[in-house]
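First up is the structure itself, then whatever we jot down about it.
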Amino acid sequence: MDKHILLVEDDLDLGSVLKQYLEFSGFGVSWFSNPLEVLSHQSVLKNIDLAIIDVMMPEMNGFELSKNIKKQSSVPFLFLTAKAQSIDRILGLKLGADDYIAKPCEPEELLLRVNNILKRSQKPESKQTIQIGNYRFLPSHFQILFKEQTFTITEKEADLLILLTVNNHKVLSRKEILEKLWGENDYFLGRSLDVFMTRLRKYFREDSRIKFDSVRGIGFKVEFPD
């Protein structure tokens, strides 16, 4: 099995179904019904390619668990939730989630989203450094370097930054960015995109030549010295 998935779901029936379906589809699966067990088996985090996390769990909610995972791994993750409220989706995306799916969900839809995330997250192993003004960006390490400072960013922030830098001086529409990064143009994803742009501006604020401009009614434009 090439890819291994961490599944954290406290509903035993649903967890069993999803585990079996993912394994039948060729994935290795480590399933935990208690999020605290994940933190006590941290070695698991070294060997996973994707985390699927239920939001509403009694001992620790999925958002808190994802924060702990992100301290140790840049693995992409997807939230499962029984809530249809938009606030959950926005919060999940702000935390850097690569996708979100409401329960009850069809295993086929989950598999499609899993494959899409894994496809998007595949990056060539490279030590390539992208010079952005006085900053250095290491895409494969999810790091931005400035003088003695090192900023570790999320995979989604790295994907966005790559897309923007290869289109230096060009205007990219919101629709184009959303479809390339998430595979769909959605209002709530658009809200998350705004959050990511705000973060990028903060990372690069020490070099006034670097600009992440909003183009009203269209999208965004990044400009930095060639």
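A compact table of results
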| read-out | value |
| --- | --- |
| Scope segment 66-80; condition in a loop (DSSP other than H, G, I, E, B) and either in contact with a strand residue (DSSP E or B) (Cβ under 9 Å, 6 or more places away or on another chain) or surrounded by 21 or more Cβ atoms within 10 Å (Cβ to Cβ) (or both); matching residues | Ser73, Ser74, Val75, Pro76 |
| Criterion (among the aliphatic types (A, V, I, L, M), outside the structural domain of Leu112 (by TED's automatic domain parsing) and touching a helix residue (DSSP H, G or I) at 6+ places or on another chain (Cβ under 7 Å)) met by exactly one of Ile144, Ile210, Ile218 | Ile144 |
| In segment 201-226, the residues that are in a strand (DSSP E or B), under 23 Å from the mean Cα position of the chain (by Cα) and within 17 Å of Ile130 (Cβ to Cβ) | Phe212, Val222 |
| Filter result for the condition that a residue is more than 22 Å from Arg199 (Cβ to Cβ), in a helix (DSSP H, G or I) and either touching a Ser or Thr at 6+ places or on another chain (Cβ under 6 Å) or modelled with pLDDT under 85 (or both), over Leu112, Leu45, Leu91 | Leu45 |
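Here's the yes/no breakdown for (1) touching a Lys or Arg at 6+ places or on another chain (Cβ under 8 Å); (2) more than 20 Å from Asp49 (Cα to Cα); (3) part of a helix (DSSP H, G or I); (4) not hydroxyl-bearing (Ser, Thr, Tyr):
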| residue | (1), (2), (3), (4) |
| --- | --- |
| Gln131 | no, yes, no, yes |
| Phe137 | no, yes, no, yes |
| Ser140 | yes, no, yes, no |
| Ile144 | yes, yes, no, yes |
| Thr150 | no, yes, no, no |
| Ala158 | no, no, yes, yes |
| Ile162 | no, yes, yes, yes |
| Asn168 | no, yes, no, yes |
| Leu172 | yes, yes, no, yes |
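The values are calculated or read from the model by the stated rules, or taken from the named source; none is laboratory data. Nothing here was measured: the structure is a model prediction, and the numbers come from that model. Note that each Cβ is placed from the backbone with ideal geometry, even for glycine, and that neighbours are counted across all protein chains shown.
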